[in-house]
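The values are calculated or read from the model by the stated rules, or taken from the named source; none is laboratory data. Just so it is clear, the model here is predicted, and its values are computed rather than measured. Here the Cβ is made from the backbone with ideal geometry for all residues, glycine too, and neighbour counts use every protein chain on show.
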Amino acid sequence: MRVRQNPIKSNETELITYQGRDLNAFCLKSLCEIPAGLNDLFVVKYQAAPYHAFIDYDAFFRTAIMLHDDILEPFLVKLKQHLESIQVCLGKIESWLLEPKSNIQFLEETFGKKLIIIRAVPLCDDYAHPCQKALLHEMNTWICQRCNSSFNAHKKYTYSKREGSVFKFQCQDKLGFFKRSDIRPECQVLKCYKESGKFEKTFTIAKASDQQKLKKFIDFRL
């Protein structure tokens with residue numbers, strides 16, 4: 001969220017917002033590994049592709065329940081601690097995923113205006129398709145929308161279709177394929193004041209403190 005002088009009309013001050021892409025990294029070790037003391041009683045199974053990096057906890061629980069009561073009780077105590085760490089991990093991810101929705105809701109309620117959401121429209125996943133062949137030479141400069149790695153960091157993945165063999169480019173985590181989207185971060189004017197003075201200020205809407213500062217700024221201009 002920014003306050004700026006209208007680039008065309010110098011006697012107007014605008015409050016604008018624009019879309020951006022926020023990247024974050026989360027440690028998923030608790031979803032992929034069983035801690036010591038839980039993994040030495042039986043073989044841990046993993047989920048089917050494309051989620052083969054994650055433990056199949058349904059199968060894990062079914063196997064654990066067969067343990068003798070003398071072993072099961074201390075086993076479940078350790079398992080509870082592990083599950084709590086998973087809950088914390090998933091809670092952090094969920095909070096981050098819900099942040100854009102919360103930000104949009106705040107702006108719409110504050111300004112009484114519906115935001116225009118520009119959706120990511122990925123290009124065709126089938127890079128053997130004729131419409132994509134002309135773009136292959138440009139891909140080295142592209143960044144994957146899914147994993148944020150360069151095109152060169154992806155491995156060619158060939159599979160068969162009725163029309164013949166085609167291929168995609170697999171991300172390094174092997175959980176998805178290269179995607180590129182053409183999002184243009186066009187700004188939206190939420191409020192305009194007839195002011196000849198120059199105001200330059202940026203508010204990070206994800207922060208509660210900046211939300212309060214923005215509200216105070218609006219009240220000051222009214």
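Restricting HIS137, HIS154, HIS129 to residues that are at pLDDT 60 or above and either more than 22 Å from the chain's Cα centre (by Cα) or over 30 Å from ASN11 (Cβ atoms) (or both) narrows the list to HIS154. Summed over segment 67-91, the residues that are surrounded by 13 or more Cβ atoms within 10 Å (Cβ to Cβ) and within 16 Å of the chain's Cα centre (by Cα) give a count of 2. The single residue among LEU175, LEU190, LEU214 that is in a strand (DSSP E or B) and modelled with pLDDT of 80 or more turns out to be LEU190. Quickly run through segment 187-217 and pick out the residues that are within 31 Å of the chain's Cα centre (by Cα) and among the hydrophobic types (A, V, I, L, M, F, W, C). Within segment 187-217, CYS187, VAL189, LEU190, PHE203, ILE205, ALA206, ALA208, LEU214, PHE217 meet the criteria.
Note on segment 91-115: residues that are at pLDDT 90 or above and touching a helix residue (DSSP H, G or I) at 6+ places or on another chain (Cβ under 8 Å) total 2.
The listed residues are PHE42, PHE54, PHE60, and the only one of them that is more than 31 Å from the chain's Cα centre (by Cα) and either over 18 Å from LEU31 (Cα atoms) or surrounded by 12 or more Cβ atoms within 10 Å (Cβ to Cβ) (or both) turns out to be PHE42. Please determine whether any residue of segment 1-10 is closer than 30 Å to GLU200 by Cα, in contact (Cβ under 8 Å) with a residue 40 or more places away in the chain, surrounded by 12 or more Cβ atoms within 10 Å (Cβ to Cβ) and of a type in the set (Lys, Arg). Yes, some residue in segment 1-10 is closer than 30 Å to GLU200 by Cα, in contact (Cβ under 8 Å) with a residue 40 or more places away in the chain, surrounded by 12 or more Cβ atoms within 10 Å (Cβ to Cβ) and of a type in the set (Lys, Arg).
Against the condition of a type in the set (Ser, Thr, Tyr) and more than 28 Å from the chain's Cα centre (by Cα), how does THR17 come out, does it pass? Here the answer is no, as THR17 does not meet what is asked. For segment 15-31, the criterion of being part of a helix (DSSP H, G or I) and either of a type in the set (A, V, I, L, M, F, W, C) or touching a His at 6+ places or on another chain (Cβ under 8 Å) (or both) is met by at least one residue.
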